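These notes concern the structure reproduced below.
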Amino acid sequence: MPVKFRSGESIPLEMHKARMVQSLNLLPVEERVKASQEAGNNTFLLKNRDVFLDMLTDSGVNAMSQAQYAAMMNADDSYAGSETFYRLENAIKEIFGTAFFLPAHQGRACENIICQTFVKPGQTVIMNYHFTTTKAHIIRNGGKVSEIVSKEGLEVISGLPFKGNLDIERLRREIETIGSANIAFLRIEAGTNLIGGQPVSMANMREAVKIAKDAGILTIFDASLLSDNLYFIKMREKEFLNKSLKEITLELGKLFDISYFSARKLGCARGGGIITNREDLYNEMIGLVPLYEGFLTYGGMSVREMEALAVGLRESLDFHVIEQTPIFVEALTKELLAANIPVITPAGGLGCHVNAMSFCEHLPQGQYRAGALAIAAFIAGGFRGMERGSISEERNADGSERFAEMELLRLALPKRVFTLSQIKYVADRLTWLYENRNLIGGLRFTFEPKILRFFFGRLEPVSDWPQKLSEKFRKDFGDSL
Ligand SMILES: Cc1ncc(COP(=O)(O)O)c(C=O)c1O
């Protein structure tokens, strides 16, 4: 809950207390350079023991509540027909108002099932913006992606409260040009991940879904980042100021033909699910669950996680729970803006997004500005973020680079995990890095996987810039870590 201090400063006050903690390790800067080399200069490949603040993602690493841990002890272990499943199914029915639920082990598993079922070769999926695994599944099934996010969505600095909104005129044009029969489905992603955790308004979703439905096009909602998006609908969309989170969620559940989610994000557990009110769609997808995930009453999830998820989903309707990430993102964004560091505005959900395109404008885009910034930030402060730029794209069919529209370093803020002093530390080290940004050099691939290369590709610096950066750190900070 943001509260005002006497100075007038607004502070994101935590409405919870920590009763279980994990020790952290902050390596000296020279060892951070060594660890980044061993990790092929890819923050995904760092060992967590070498990381001080793990801001790679919120996925599966949000803090759980005591009620979630307690529920785990109540799990019913059974291959088929487990009581745990019915408890989770009931929670989902209650929260989304949907009749059918297919469990899956995580979000991309839902995407696999949805894309195998509904994407035919040559068809297009229209969406506000892609997520990496979503696009990979669509392409693997012979489909194409058409992104129609509002033009402000791709602008770094904007005052638009819902930058994840779809451009409605473009949606109409795309349907007319491509033709409904060639469109697999319309996909709307809550809390649009790759453009800075930016929300979509209810008004925009209603309008887009109506247009799609009138044209006979299936509508699918990626609700993985729903809790941040719920917060913004409530805070930024007048109509919902006095509506409960439950009412908003129920409306969303009913709006779309199908919704799916990564429960590593939504519900602060580990798993996933597909929900729908349409029995025909449920029946089309059902066969793939036992094939890829497991029996219909667990879908690859452990029963303990399912119990935690049932509680976590209900807790996602508690305003103090869902506000935690957005108010911390806002606090970090404010600190960085005060130091003139380029960041995505307005502050969104998920994490703070540093604009590497201009932070590292001295580097050619082909030397991976966001990837280089991610490694430089780890060297400067021991915190790891995630590259969300050209490394996260795949090459074009002819082997040329597909440069990302945005080069971002995402510093994810998993729910209820970090403290304000840790946030201030990150801002301090990033400010130092910004002042020394000319020391950041580029990267090049030494091993480049074809699919989702950002996960386990390895890179090397184009010069000895990491050592030079580390020497400057020593000079400026002396013995301090
Ligand atoms: C919007 C969105 N969709 C889908 C996924 C995939 O979910 P998972 O990581 O559980 O496979 C993610 C994960 O980050 C996501 O952010």
Legend entry - Residues within the range 89-110 that are out of contact with any Phe, Trp or Tyr (no Cβ under 7 Å at 6 or more places or on another chain), near the ligand (Cβ under 10 Å from one of its atoms) and not in a strand (DSSP E or B), tallied: 3
Legend entry - Hits in the range 111-135 - residues which are near the ligand (Cβ under 10 Å from one of its atoms) and not β-branched (Val, Ile, Thr): Glu111, Asn112, Tyr129, His130, Phe131
Inset, instruction - Starting from the range 90-112, take each residue that is within 18 Å of Val289 (Cα to Cα) and list its partners that are among the basic types (Lys, Arg) and within 16 Å of the ligand (Cβ to nearest atom), counting only C-beta distances under 6 angstrom and pairs at least six apart or across chains. - result: Gln106/Arg264
Legend entry - Failed condition for Thr84, given (1) surrounded by 20 or more Cβ atoms within 10 Å (Cβ to Cβ); (2) polar (S, T, N, Q); (3) in contact with a strand residue (DSSP E or B) (Cβ under 7 Å, 6 or more places away or on another chain): (3)
Legend entry - the range 292-342 - residue that is out of contact with any Gly (no Cβ under 7 Å at 6 or more places or on another chain) and polar (S, T, N, Q) and, of those, nearest to Ser82 (Cα to Cα): Ser302
Legend entry - All positions within the range 186-209 that are among the charged types (D, E, K, R) and either more than 12 Å from the ligand (Cβ to nearest atom) or surrounded by fewer than 24 Cβ atoms within 10 Å (Cβ to Cβ) (or both): Arg206, Glu207
Legend entry - Every pair of residues 6+ apart whose Cβ atoms lie under 8 Å, when the first sits in the range 1-16 and is polar (S, T, N, Q) while the second is exposed (fewer than 12 other Cβ atoms within 10 Å of the Cβ) and not in a loop (DSSP other than H, G, I, E, B): Ser10/Val3; Ser10/Lys4
Legend entry - Selected residue (only one of Ile157, Ile233, Ile138, Ile148 is within 20 Å of the chain's Cα centre (by Cα), among the aliphatic types (A, V, I, L, M) and within 14 Å of the ligand (Cβ to nearest atom)): Ile138
Legend entry - Odd one out for Met301, checked against (1) away from the ligand (no atom under 16 Å from the Cβ); (2) assigned to a loop (DSSP other than H, G, I, E, B): (1)
Legend entry - Within the range 205-293, strands (runs of 3 or more DSSP E) holding 3 or more residues that are over 24 Å from Leu171 (Cα atoms), modelled with pLDDT of 95 or more and in the same structural domain as Arg170 (by TED's automatic domain parsing): 272-276
Legend entry - Yes/no for Pro2 being modelled with pLDDT under 95 and either of a type in the set (Ser, Thr, Tyr) or exposed (fewer than 15 other Cβ atoms within 10 Å of the Cβ) (or both): yes
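If a residue has to be under 17 Å from Leu313 (Cβ atoms) and in contact (Cβ under 8 Å) with a residue 40 or more places away in the chain to count, how many in the range 235-249 make the cut?
Matching residues across the range 235-249 total 5.
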Legend entry - Those residues of the range 457-481 which are in a strand (DSSP E or B) and aliphatic (A, V, I, L, M), in sequence order: Leu459
Legend entry - Selection within the range 31-46 - over 21 Å from the mean Cα position of the chain (by Cα) and part of a loop (DSSP other than H, G, I, E, B): Ala39, Gly40, Asn41
Inset, instruction - Of the conditions (1) more than 13 Å from the ligand (Cβ to nearest atom); (2) buried (at least 24 other Cβ atoms within 10 Å of the Cβ), Glu279 clears all except one; give me its number. - result: (2)
Inset, instruction - Considering only the range 287-304, state which residues are surrounded by fewer than 17 Cβ atoms within 10 Å (Cβ to Cβ) and not small (Gly, Ala, Ser). - result: Pro290, Leu291, Tyr292, Phe295, Leu296
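The values are calculated or read from the model by the stated rules, or taken from the named source; none is laboratory data. Bear in mind that the values here come from a model prediction, so they are computed numbers and not experimental data. For neighbour counting, all protein chains shown are included, and Cβ atoms are generated from backbone atoms with ideal geometry for every residue, glycine included.
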